[in-house]
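The values are calculated or read from the model by the stated rules, or taken from the named source; none is laboratory data. Predicted, not measured: the structure shown is a model, and the values here were computed from it. We place every Cβ from the backbone using ideal geometry, glycine too, and count neighbours over all the protein chains shown. The protein model used for the area step is the full one, side chains on, heavy atoms only, and it has no ligands, DNA or RNA in it. Shrake-Rupley method; radii C 1.70, N 1.55, O 1.52, S 1.80 Å.
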Amino acid sequence: FGLQVDAGAATFGDVDAVGAGAHVFVRDPTSYLIGVHGNYENWDINGFGNADVYRIGGEAELYAGSFSLEGWAGYQHTDFNGGGGFAKLTAAYYVTDDFRLDAGVGVMKNFTYGAASAEWQLPDMPLSLTAEGRIGEDDYAAGMIGVKFYFGGEQKALINRHREDDPDDGLFDFIGAAGAAAPVAAPPVLD
């Protein structure tokens, strides 16, 4: 059993965001994770004011050898366009224990996107390199590259970090959440 609390802040071009979230879950690292996950985000959209985004829903992960299937679905509410359902589903394959490839789809009120990403943990280090590309409705496209540092605990393979350590926090993860929450005239939000 686990309880995880998350907080974060980010800047996406002219858009600033802060947020917090929590998970309550049960996990068997050899086969599954099942839980409830909720978060709150406040997006300051330059020229359009603030947009609050709330999400609550069930989350599940299934593990089968080198494959993982991960999902989060529930209810989302935004200041500008009210509430509706949301869902995110990702299929992942670990080419090696330290190299993950995945692809997925995210759906929310008025916005759908597809994503593909890779993460490679450097040998014998708690450091990984990441890359992600996303495309979505209304000609949305984004790309990200980054570095992740894993704090605390013993050194372990990337697949074990993903299945034994804290689940993904989900903050700022839904591309276009603030854009979907803002008036139609708002510029697209890049992640």
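Residue by residue through the stretch 122-164, note down the ones that are open to solvent by less than 50 Å² (accessible area, probe 1.4 Å), of a type in the set (Phe, Trp, Tyr) and in contact with a strand residue (DSSP E or B) (Cβ under 7 Å, 6 or more places away or on another chain).
Once the filter is applied, which keeps residues that are open to solvent by less than 50 Å² (accessible area, probe 1.4 Å), of a type in the set (Phe, Trp, Tyr) and in contact with a strand residue (DSSP E or B) (Cβ under 7 Å, 6 or more places away or on another chain), the stretch 122-164 yields only TYR140.
Run PHE67 past the list (1) modelled with pLDDT under 95; (2) aromatic (Phe, Trp, Tyr); (3) closer than 22 Å to VAL105 by Cβ and report the number of the one that doesn't hold.
Condition not satisfied by PHE67: (1).
Name every residue in the stretch 107-119 that is open to solvent by 30 Å² or more (accessible area, probe 1.4 Å) and in contact (Cβ under 8 Å) with a residue 60 or more places away in the chain, in order of residue number.
Passing the criteria: LYS109, ASN110.
Under 7 Å by Cβ, and 6 or more places apart or on different chains, what pairs join a residue from the stretch 27-39 that is of a type in the set (Lys, Arg) with one that is surrounded by fewer than 16 Cβ atoms within 10 Å (Cβ to Cβ)?
Close Cβ pairs (under 7 Å, with a partner that is surrounded by fewer than 16 Cβ atoms within 10 Å (Cβ to Cβ)) amount to ARG27/GLY2.
Search the stretch 65-90 for residues being part of a strand (DSSP E or B) and of a type in the set (Phe, Trp, Tyr), and hand back the single one that is surrounded by the most Cβ atoms within 10 Å (Cβ to Cβ). Spell out the reasoning first.
The first filter runs over the stretch 65-90 and keeps only residues part of a strand (DSSP E or B), leaving 67-78, 82-90.
If we keep only those that are of a type in the set (Phe, Trp, Tyr) as well, we get 67, 72, 75, 86.
Values: PHE67: 11, TRP72: 25, TYR75: 13, PHE86: 23.
Among them, the one singled out is TRP72.
Would you say GLY104 is touching a residue at least 12 places away in the same chain (Cβ under 8 Å), exposed (fewer than 14 other Cβ atoms within 10 Å of the Cβ) and within 24 Å of ILE135 (Cα to Cα)? Break it down into steps so the answer makes sense when it comes.
Details: touching a residue at least 12 places away in the same chain (Cβ under 8 Å): yes; exposed (fewer than 14 other Cβ atoms within 10 Å of the Cβ): no; within 24 Å of ILE135 (Cα to Cα): yes.
Spelling it out, it is not the case that GLY104 is touching a residue at least 12 places away in the same chain (Cβ under 8 Å), exposed (fewer than 14 other Cβ atoms within 10 Å of the Cβ) and within 24 Å of ILE135 (Cα to Cα).
Counting only residues that are in a loop (DSSP other than H, G, I, E, B), under 15 Å from VAL95 (Cα atoms) and free of Cβ contacts under 8 Å to residues at least 60 places away in the same chain, how many does the stretch 120-163 have?
Looking only at the stretch 120-163, we keep the residues that are in a loop (DSSP other than H, G, I, E, B), and these are 122-126, 137-139, 150-157.
Imposing the further condition that a residue be under 15 Å from VAL95 (Cα atoms) reduces the set to 122-123, 157.
Of the ones still in play, those that are also free of Cβ contacts under 8 Å to residues at least 60 places away in the same chain are 122-123.
Residues meeting the conditions: 2.
Out of LEU62, LEU33, which single residue is over 20 Å from ALA20 (Cα atoms) and open to solvent by 30 Å² or more (accessible area, probe 1.4 Å)?
Values: LEU33 fails: open to solvent by 30 Å² or more (accessible area, probe 1.4 Å).
Checking each option against the conditions leaves just LEU62.
Does at least one position in the stretch 100-118 carry a residue that is at pLDDT 95 or above, more than 18 Å from the chain's Cα centre (by Cα) and not in a strand (DSSP E or B)?
Scanning the stretch 100-118 turns up no residue that is at pLDDT 95 or above, more than 18 Å from the chain's Cα centre (by Cα) and not in a strand (DSSP E or B).
Read through the list (1) among the acidic types (Asp, Glu); (2) exposed (fewer than 15 other Cβ atoms within 10 Å of the Cβ); (3) farther than 16 Å from ARG161 by Cβ, then give the number of the only condition that ASP97 fails.
Unmet condition: (3).
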